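Structure, as structure tokens:
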Amino acid sequence: MSLPKGLAEDVSRNLVMVAQLIDEDPEKAYGYSRVALRLASRVAAVREAAGFAAYATQKYSEALAEFRAARRMSGGVELWPVMADCERGLGRPERALAMAGEPEVSKLDKAGQVEMRLVAAGARRDLGQLDAAIVTLQSPELASSAVHPWTARLRYAYADALLAAGREREAREWFAKALESDKDGATDASDRLAEMDGVEFVDAFDEDESDESPASDVVDVELDIDEDEDLDDEDDDEDDRDSDKG
């Protein structure tokens, strides 16, 4: 709203493309975010979009700078967990853990607090502290039977941490719980369960055989047709010879 109408429309179009492409083609989304950034670098929403596009392409230093700028402009704390995860991406898990203990976390909504817990657990694993990662994820949100948008990811992270610690029976149980709550396919819990159970998926059709079979049929048909035509030609020749003799 702070931009002139024409410029606002140009910026908006680029932001829409970032949103549409960030999952399927992060590099293209990043390119559109850079255009929007050149057009309106003083708009918090643009800096945030640029941050997420950089984050999606693992440009963590750049993403962190954009998130910090967006936070200064907006004054909100919503980006705190992803900023901490950028610290992990930069190889600074200790800094991510420090951020998990700062006052900003208490200002996050429930989804943000769960996200921060996931980041903190990941930082513990980065440091090789598997038991601490498991304890970090143990929470009322994990124990609750209610399903929220973040439930599947929380249960999945807990299962993955248990498996890394060698607690396979418990890990399988929590992968199953993650799958049960994963209505949108946000995790690969089904694949992890199949892997643990030793299930191997095999294609029902062999592409090579299916490609070759029709060609063989065509050749056979053509050969049959040619043979019939040759027989017909021979019959015609005999008829001609008989008529000549008559």
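We did not get these values from a lab; they are worked out from the coordinates using the rules stated. What you see is a predicted model, and the numbers here were worked out from it, not measured in a lab. Here the Cβ is made from the backbone with ideal geometry for all residues, glycine too, and neighbour counts use every protein chain on show.
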Relative contact order of the stretch 1-119 (C-alpha contacts under 8 Å, at least 6 apart) in percent is 17
How about LYS59: which lysines have a C-alpha closer than 16 Å to its C-alpha, ignoring those fewer than 8 places off in the same chain?
-> LYS28
Assign one of three labels to the stretch 38-129, namely rounded, prolate or oblate, based on the Cα gyration tensor with a ≥ b ≥ c the square roots of its eigenvalues; rounded applies when a/c is under 1.5, prolate when it is not and a/b is larger than b/c, and oblate otherwise.
-> oblate
Taking the Cα centre of the stretch 1-102 as origin, sum charge times position over the Cβ atoms of Lys and Arg (+1) and Asp and Glu (-1), and report the length of that vector in debye to the nearest 20.
-> 420
Residue-ordered couplings for the stretch 168-185, obtained by feeding phi - 60° into the Karplus form 6.51 cos²θ - 1.76 cosθ + 1.60 and rounding to whole Hz (Gly and Pro as x), are 5, 4, 5, 4, 4, 4, 7, 5, 5, 5, 5, 5, 4, 9, 8, 6, 9, x
Hits among lysines - C-alpha to C-alpha of LYS110 under 24 Å, sequence gap 8 or more where chains match | LYS177, LYS183
